[in-house]
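Undergrad: Take a look at this one; I'll ask things after.
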Amino acid sequence: MNKFFVALSFLGLIGCGPSMRSSNSTAVSTGPTNPKIDKASISFRIGVPLWSSQKRFEEVLNLFDKYKGVTDEISFFTSATHPPIPIDVFRERAGILKARMAEARKHGYKAGINILSTIGHHNENLDNSLKGDYINMTNIDGQICKGSFCPNDDRVREYVRIIYELTAKANPDYIWVDDDVRFGHMPIGLGCFCDNCLSVFQKELGVKYTRESLKSAFNDGETEQKLKVRAEWLQHNRNTISRLFTLIEQTVHKISPDMQIGFMTGDRFYEGYDFDNWAKILAGPKHTPVMWRPGGGYYNDNTTSELVGKSHDVGRQVSVLPQDVVSIQSEIENFPYQRLKKAANSVALEACSHIAAGCTGAAFNVLSFYDEPLDEYEPLMAKLSESRPFFDLMASTLGRSPISGIHTFWNKDSYITGKIEEGNWLSAGNPVVNHDLYSIGLPASYSGNASKVTILGKDNVLALPKFVIKILLEGGVYMDAQALNQLNKMGFGELTGFEPAGSDNVDRIEKFTNDPLNGIYSGRQRDNRQSFWKSEAWTLRRTDEKARFLSSLVDYSCKDVSECTSGVFENKLGGRICVSGYYPWTFMENQSKGSQMKSVFRWLSRETLPAYISSFHKVNLWVREPQNGRIALAFTNSSFDAAQNVTLMLRTENRTIKVYDMRCRESVIQSSGTDGSYQKFVIPVVDPWQMRLVMCE
Ligand SMILES: [Zn+2]
C-alpha cells in the first residue's frame, strides 16, 4: 500500500469491497466504478394500519394505481410502534404480508418487508412489545432502555434469527433493516455498556473495564490515551454491528440465497461509520446487491435550512458506500405524517436535493399511520407523480459519480475527537463543522477523495496521524483559529503561516484589507454583533513574512484594534492555507463576505473548484466528477425570492450547457465569456425553492 493510498484510507475515503453483481431492475453494473443507472429507485413505505385490513390495502393499491409510476416498490412495515414485537405477533403479520405482497406484485410493484425493529428503537407501547429474559440496551451509567435490546446478547440474537427467518419465508422481494440498528436510544443515549458488552470488549482488547473505569478512560487523563481507548470502542461498535449483520445475512440467504437486504442509516459516527464493510457483509458470499437508505431528521418544513442540512448528512452517508451499491433511496419521512407539516413541494424538492447529494432515488414514508381514507394525501401523490420524470432524469444523469468540491473534513474516527479536553465524551454530538459556506454557491463534497479544498475545525485533526495531516497541508485548507492552534501545537507551524495571538469576546468588527482577493470589497466591514451571537474574535500573528492579511479588526469607534483576524499563506509544500478568526462558519450572507469567500476558495483550490455560483444568491450546489468527459451538476435556489441571472462559473472549455427545471423543461445556454479556466453561464431565472439540473453539452 503506497503512502497516498494509506493516507486516503485514514481520511476515510476508501470504500470498497469486491465488485457486486447487480440484479436491480433500475441499474446494470458496469464495474465497480461506474454503474449505469437508467432511472430513479423509488419506494413507498406503508404502515401496519394501511395493510392490516384487506379493504384498506385495496384502497392503497388503487391510490398507487391512480398515480401509476409514482413508485416502483412497496415496503411493508412490520409494526406501528418502535420496540421489537413478540414472535407470535411477528409470525401472524408475516403470514398476512405474504398475501399482501403477492397482491402488490399483481399490480406491478416489487414488494418487500421493512423490519421496523430488529433490536428496537425506544420505550413505547411496552405492554404489547417483546418481553422476556433479554438484556436491555444499557448506557455507561447502567441505565437501561426497555424498548431496545443488546445486539451482543445470545438470546436477543436468537430472537433476531427467528424474525428474519419468518421474514425470508414470507417471500418478499427484499428485506430492509431499519435504523434501530445503532447505539443511541431514548431515554438512555449511547450504549451498549451492559456487562456482556464489557466482557466482549475485554476479549477484543485483553483489558478489563467496569462501566466506571471505562467512563474514566474515555474522559480523564492524557489526550493520546483517551483517543486510543475511544478509537478502540468505536471499533468494538463496528464489530458488534458486523456480527449482527453476519447473523442476518446468513439467516436470510440460507432460505433465499438471492434475497436483497437493505440497511437504513443516519450519520453514524459513534457506530464507527463502517458502511462499506457492513454492505459487504449484507451482500454475503454471492455478492447479492445491497440496498441503502441514508436518513436524517427533517420531519416538517418549519425550518427551511434543515432540508439541505439533511442532504449534507445523506451525502456523507452515501460517500462511504461502495460504488456498486446502486439502489440508494433517501429516507423521506414526514412522521407523524400530518399533511400540513410539510408541503408537497418540500417533499418533492427534498427527494431531488438528496439525489443531488448522492442518492439514486427515494423511499417515501409520507402516508397516514391510521386506518383511515387517504383523500388528504392525494395532492401529495399528484405532486410526486408529476415530479417522477425529474427524479429519473436526475438519477440517470448524476448516477453514482463522485461529488467534487469543498470537503468539510470528517472520517470514520471523527467521533473520537469530541469533548477531548473536558466533559463527557458520550454527549459530544456530531463532530462535523456546521457552516454557511455551502449556501452561498460554493460546491459541497463529502469525501476527501474528490475534494479540492478541505475545511478543518477545532479538533478534527486529532483523528488523523501526522503524515496524513502533512498531506492535507500540501493542498488547500480553510480553518478556524482553534484548528490553527491545534496544528501549530502538533508541530505544523511552518506550514500554516500564522499563530493565534489572543482573542476578544466583545465589540469587534471585521474590516477587509486591500489584498487582491478582496477585490472591489477592500475596506468593507462585517459586524456580527458579539453581544448577540457569542464568538471570539481572534487576532492572528504571521509567522512567515509571505503570509497575507485578508482582514483586520476595528471597534465601534472605528479604531484599529488588530492588524489581522484572517489571512492566507502559501507554504513551502505548495499548500494554500486560509485561517479565519472572525465568525469563520456563520454570517456569510452579505455580498462582500460571500464574494471574498468565493475568491478565497478559488485561490485555495488553485483554480480547480469544478464550479461555483459567482452571483449573489442563496444557492446550494453539488457538482459531479465528469463522466465520459461530461460535467453534470444540480443546484437549488434556497430562497423564497426568485433568483434572477444566476451566474454559474463552470471549469470547462465547453461553451454550451443544457439546463432542466423540475418539469424536465430544457433550455440551452451559451457561455457569455471566460474567466481563467472558467466559462460563465447566466441562467435567467430560478423560482423560489426550485432545483435545476445542468449538463455540459
Ligand atoms: Zn450490551
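What follows draws every value from the coordinates through simple rules; no lab data is involved. Please read these numbers as outputs of a predicted model, since none were measured by experiment. Quick reminder, even Gly has a Cβ in these numbers, built from the backbone with ideal geometry, and neighbours come from all protein chains shown.
Undergrad: Tell me, what HN-Hα J-couplings in whole Hz come from the Karplus equation 6.51 cos²θ - 1.76 cosθ + 1.60 at θ = phi - 60° for each residue of the range 419-432, using x for Gly and Pro?
TA: 6, 6, 8, 7, x, 8, 3, 6, 10, 6, x, 5, x, 8
Undergrad: Moving to a separate point now. In debye, nearest 20, what is the charge dipole magnitude of the chain about its Cα centre with +1 on Lys and Arg Cβ and -1 on Asp and Glu Cβ, if you could check?
TA: 1360
Undergrad: Same structure again: Mind checking which lysines have their Cα closer than 17 Å to the Cα of LYS146? Skip sequence neighbours fewer than 8 apart in that chain.
TA: Qualifying lysines at Cα under 17 Å: LYS131.
Undergrad: Hey, what did the range 613-696 get for relative contact order, percent, Cα under 8 Å, at least 6 apart?
TA: With pairs under 8 Å counted, the relative contact order is 36 percent.
Undergrad: Would you mind getting me the FRET efficiency between VAL207 and LYS489? Use the beta-carbon distance for r and R0 = 25 Å, nearest 0.05.
TA: 0.30
Undergrad: Just tell me which aspartates and glutamates come within less than 12 Å, Cα to Cα, of LYS36; anything on the same chain fewer than 8 places away is out.
TA: ASP324
Undergrad: Could you tell me what fraction of 2.2 N^0.38 Å the Cα radius of gyration of the range 30-124 comes to, as a two-decimal ratio?
TA: Against the empirical 2.2 N^0.38 Å value, I get 1.25 for the range 30-124.
Undergrad: Expected output is a single nm value to one decimal: the length gained when fully extending between GLU158 and THR543, i.e. 0.36 nm times separation in residues minus the C-alpha distance. What is it?
TA: Value of the extension gain: 132.4 nm.
Undergrad: For the chain, rounded, prolate or oblate, judged on the Cα gyration tensor with a ≥ b ≥ c (square roots of eigenvalues), a/c < 1.5 rounded, else prolate if a/b > b/c?
TA: Verdict is oblate for the chain.
Undergrad: First measure r as the distance between the Cβ atoms of THR303 and LYS680, then evaluate 1/(1 + (r/R0)^6) with R0 = 35 Å and state the FRET efficiency to the nearest 0.05.
TA: 0.55
Undergrad: Share of antiparallel DSSP beta bridges in the chain, in percent to the nearest 5?
TA: Counting only bridges with both partners in the chain, antiparallel ones make up about 55 percent.
Undergrad: Just report the Cα centroid separation between the range 278-356 and the range 227-254, whole Å.
TA: 23
Undergrad: Now, a different point. How many angstrom separate the Cα center of the range 440-506 from the Cα center of the range 607-657?
TA: If we compute the Cα centre of each part, the gap is 26 Å.
Undergrad: Something else now. Over 32 Å between C-alpha atoms is what I'm after, so list which of LYS310/LYS458; LYS489/LYS593; LYS203/LYS489 land there.
TA: Beyond 32 Å: LYS203/LYS489.
Undergrad: I'd like the projected area of the range 405-590, averaged over all directions, using the convex hull of its alpha carbons. Report it in nm² with one decimal.
TA: One quarter of the hull surface, i.e. the mean projection, equals 10.9 nm².
Undergrad: Given bins 10 angstrom wide, list per bin the percent of all Cα-Cα distances in the range 613-696, short to long.
TA: Result returned by the calculation: 18, 56, 25, 1.
Undergrad: Sticking with this structure for a sec: Could you work out how far helix 305-319 tilts from the main Cα principal axis of the chain, as a 0 to 90 degree angle to the nearest 10?
TA: With rounding to tens, the tilt is 80 degrees.
Undergrad: Using θ = phi - 60° and the Karplus relation 6.51 cos²θ - 1.76 cosθ + 1.60, list the HN-Hα couplings for the range 115-123 in order, rounded to whole Hz, with x at every Gly or Pro.
TA: 6, 5, 10, 8, 10, x, 8, 6, 6
Undergrad: Can you spot the aspartates and glutamates whose alpha carbon is less than 19 Å from LYS341's alpha carbon? Ignore those fewer than 8 places along the same chain.
TA: Correct list for LYS341: ASP301, GLU306, GLU331, GLU333, GLU350, GLU372, ASP375, GLU376, GLU378.
Undergrad: May I ask you to compute the full-extension gain from ASP133 to CYS664, defined as 0.36 nm times their residue separation minus their alpha-carbon distance, rounded to one decimal in nm?
TA: 185.5 nm
Undergrad: Let me ask you something else. Could you list CYS359, CYS197, CYS696 in order of exposure, starting from the residue whose Cβ has the fewest other Cβ atoms within 10 Å?
TA: Lowest count first: CYS696, CYS197, CYS359.
Undergrad: For the range 453-499, what Kirkwood radius comes out of the mean inverse Cα-Cα distance, in Å?
TA: About 10.4 Å, per the Kirkwood formula over Cα pairs.
Undergrad: Another question, if that's okay. Within the range 405-590, what percent of beta bridges assigned by DSSP are antiparallel, to the nearest 5?
TA: About 60 percent, rounded to the nearest 5.
Undergrad: Work out from phi, with θ = phi - 60° and the Karplus expression 6.51 cos²θ - 1.76 cosθ + 1.60, the ³J(HN,Hα) of each residue of the range 524-539, listed in order in whole Hz, and give x for Gly and Pro.
TA: 5, 10, 9, 10, 9, 6, 4, 5, 9, 10, 4, 6, 5, 9, 8, 9
Undergrad: So what is the calculated 222 nm ellipticity per residue for the chain, using -39500 (n - 2.57) for each DSSP H run with n of 4 or more, over all residues, to the nearest 500 deg cm²/dmol?
TA: Using -39500 (n - 2.57) per qualifying helix, the result is -9500 deg cm²/dmol.
Undergrad: I would also like to ask the following. Kindly state, to the nearest 0.05, the FRET efficiency for ARG339 paired with LYS66, given R0 = 25 Å and r defined as their beta-carbon distance.
TA: According to the calculation, E is roughly 0.90.
Undergrad: Which far-off residues, 5 or more places away or on another chain, put their amide H under 5 Å from the one on SER256, with H placed in the peptide plane?
TA: none
Undergrad: Using modelled amide H (1.01 Å from N, peptide plane; none on Pro or chain starts), what sits under 5 Å from the amide H of THR265, excluding residues fewer than 5 places away?
TA: ARG293, GLY295
Undergrad: Sticking with this structure for a sec: Label points 7 Å out from Cα along the Cβ direction at ALA501 and ASP195: separation in nm?
TA: 6.1
Undergrad: Hey, can you rank 556-564, 679-687, 450-458, 645-653 by average C-beta count inside 10 Å, highest first?
TA: Top to bottom by mean Cβ count within 10 Å: 450-458, 645-653, 679-687, 556-564.
Undergrad: Please list, by residue number, every one of the trypsin sites (Lys or Arg not before Pro) in the range 222-316 that is coil in DSSP and has at most 13 other beta-carbon atoms within 10 Å.
TA: When the trypsin sites (Lys or Arg not before Pro) of the range 222-316 are filtered for loop state and at most 13 Cβ neighbours within 10 Å, LYS286 remain.
Undergrad: May I pose another question? Tell me which residues come under 5 Å, amide H to amide H, from ARG541 once H is placed; ignore anything under 5 positions away on its chain.
TA: Those qualifying (amide H under 5 Å, at least 5 residues apart or on another chain) are GLU499, ALA501.
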